[in-house]
Amino acid sequence: MMNDRISITMLEDGIADVRMTRVDKMNALDSAQWAALVEAVETLKAMSALRVVVLSGEGRAFCAGLDLSSMQSDREPGGSSAGGSLADRTHGIANNAQYAAWGWRELPVPVIAAVHGVAFGAGSQIMAAADIRIVHPDTRIAIMEMKWGLVPDVAGMPLWRTQVADDVLREMIYTNREFNGVEAKEMGFATHVSDNPHAHAMELARVIANKNPHAIRGAKRLCNLMGDATDAELLQAESDEQVLVIRKPNQMEAVMASMEKRKPNFAE
């Protein structure tokens with residue numbers, strides 16, 4: 001898939017290299033960019049051989065957040081620049097704007113964000129949707145909404161709650177203070193700091209792509225439960241997921257490949 005906003009390039013071992021390509025606007029979000037993100041998620045969901053996604057932005061930035069110049073001054077109260085009403089659940093539990101971020105969490109495979117330049121506002125929330133977030137040390141990040149008298153509303157709240165300490169998150173929201181990649185790592189917004197985030201992300205993607213794909217998908221489902229499941233629900237989910245993979249062909253192949261020190265050959 002490729003249009004003037006998003007490109008998806010499939011690499012070997014089921015790795016999808018996904019890039020926001022609105023370079024002239026630092027990948028800022030207008031209605032077309034919101035729609036392209038949603039379309040990309042739906043396209044990836046339909047790929048049965050997909051094993052891992054690397055999400056990045058081309059040009060000078062990951063995503064500069066909302067394109068203010070695209071906002072319609074006469075938009076109805078409660079409307080969204082992403083289209084539709086903020087109150088409408090257009091994609092399961094999410095509205096259209098939320099799904100541009102939340103959709104990456106719903107993908108059945110791990111998503112690695114490679115972040116550079118800026119990740120402001122909605123860009124910081126799309127970054128938060130990734131399972132693993134690798135940022136350049138000089139990346140400028142901010143939960144920007146309070147600057148415009150708004151609250152975060154692009155799925156950041158359910159995503160950040162498992163990443164950032166409550167008091168730290170509150171401060172960053174209330175003040176919209178800008179911070180860099182090094183600080184992001186210290187606070188929990190980022191997983192790794194790297195001088196070459198995309199190369200680092202691709203290296204990690206290749207490691208993940210060569211694990212049992214059924215176990216990886218099960219592990220992501222378990223990780224997604226940790227935010228709100230009870231202990232009992234998580235214990236049951238562990239057992240349920242293990243039953244799906246243990247002693248199955250891919251699990252046995254993982255064992256044999258490890259013992260024989262070779263690349264595994266997994267079935268999809």
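The values are calculated or read from the model by the stated rules, or taken from the named source; none is laboratory data. Only a predicted model underlies this, so the values are computations on that prediction, with no experimental measurement involved. Neighbour counts run over all protein chains shown; Cβ positions are idealised from the backbone, glycine included.
Which condition number in (1) surrounded by fewer than 15 Cβ atoms within 10 Å (Cβ to Cβ); (2) part of a helix (DSSP H, G or I); (3) not aliphatic (A, V, I, L, M) is the one that residue 261 fails?
The single condition residue 261 does not satisfy is (2).
Does residue 189 fit the bill of being aromatic (Phe, Trp, Tyr) and farther than 21 Å from residue 117 by Cα?
no
Got at least one residue in the stretch 64-77 being assigned to a helix (DSSP H, G or I), of a type outside the set (S, T, N, Q) and at pLDDT 90 or above?
Taking every residue of the stretch 64-77 in turn, none turns out to be assigned to a helix (DSSP H, G or I), of a type outside the set (S, T, N, Q) and at pLDDT 90 or above.
Out of (1) surrounded by fewer than 20 Cβ atoms within 10 Å (Cβ to Cβ); (2) in a helix (DSSP H, G or I); (3) not hydroxyl-bearing (Ser, Thr, Tyr), what's the single condition that is false for residue 211?
Among (1) surrounded by fewer than 20 Cβ atoms within 10 Å (Cβ to Cβ); (2) in a helix (DSSP H, G or I); (3) not hydroxyl-bearing (Ser, Thr, Tyr), the lone unmet condition for residue 211 is (2).
Considering only residues that are of a type in the set (Gly, Ala, Ser) and over 21 Å from residue 199 (Cβ atoms), which ones fall in the stretch 1-57?
28, 31, 32, 35, 36, 40, 46, 48, 49 - these are the residues of the stretch 1-57 that are of a type in the set (Gly, Ala, Ser) and over 21 Å from residue 199 (Cβ atoms).
Condition first: within 30 Å of residue 146 (Cβ to Cβ) and either buried (at least 16 other Cβ atoms within 10 Å of the Cβ) or not assigned by TED's automatic domain parsing to the domain that holds residue 106 (or both). Can you find one or more residues in the stretch 233-246 that meet it?
Within the stretch 233-246 (the criterion being within 30 Å of residue 146 (Cβ to Cβ) and either buried (at least 16 other Cβ atoms within 10 Å of the Cβ) or not assigned by TED's automatic domain parsing to the domain that holds residue 106 (or both)), the answer is no, since none of the residues qualifies.
Let me confirm something: among 206, 217, 170, which residue is in a helix (DSSP H, G or I) and either closer than 18 Å to residue 147 by Cβ or not basic (Lys, Arg) (or both)?
170
What is the residue count in the stretch 102-130 for residues that are without any contact (Cβ under 8 Å) to a residue 60 or more places away in the chain and either farther than 13 Å from residue 144 by Cβ or of a type in the set (Phe, Trp, Tyr) (or both)?
Result for the stretch 102-130: 4.
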